[in-house]
Amino acid sequence: MAAAKMSVAELEQFLRDEFPQAFSGDDITIESADGQTCLLRQRYSERMLRPGGTVSGPTLMALADFAMYVVLLSAIGPIGLAVTTNLNINFLRKGQPGQDVLAEARLLKLGKRLAVGEVNLLSGTSPDPIAHVTSTYSIPNV
């Protein structure tokens, strides 16, 4: 496994400076990132819920996309202009109200111009994913 090019502290500072609209450090935390995987936690808020009392799809998609961005930055360093080119999500079960959502991201392939990864989204302490995501990111020529 390749060593991380950014630590959790460096990722947090970079995201606060360069992408504060997605990361202000109060609702999403980076629990770990090692250049190959990362774990993010989104603290529960009623704003996450859709009618019917389940965690909304847009909440899950945004967290998964952000987790892919974080794991990619941990692998390639502070290249802020890396962008999503594809995101596919399968909703598997209901996200429980009152529970934090965890995003476990993993890079499957890291090339010079593209990165492919997957994210499992979990509700609270349940080991069963509530959604599974695959995603591709484009890496700019630096």
Förster radius 41 Å - calculated FRET efficiency between residue 43 and residue 86 (Cβ-Cβ, nearest 0.05): 0.90
Efficiency of FRET from Cβ geometry, residue 50 and residue 134, R₀ 22 Å, rounded to 0.05: 0.45
Taking the chain and dividing mean pair separation by its residue count, relative contact order in percent (alpha carbons under 8 Å, at least six apart): 25 percent
Residues residue 94 and residue 5, FRET efficiency given R0 of 30 Å [Cβ-Cβ distance, rounded to 0.05]: 0.20
Packing-based ranking, highest mean first, of 115-123, 128-136 given that Cβ atoms within 10 Å are counted: 115-123, 128-136
Trypsin sites (Lys or Arg not before Pro) within segment 102-142: DSSP coil, no more than 16 neighbouring Cβ in 10 Å: 112, 113
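The numbers here are math on the coordinates, done by the rules we state, and not lab data. In this text the structure is predicted, and so the values were computed from the model without any measurement. All Cβ positions, glycine included, derive from the backbone under ideal geometry; neighbour counts span all protein chains shown.
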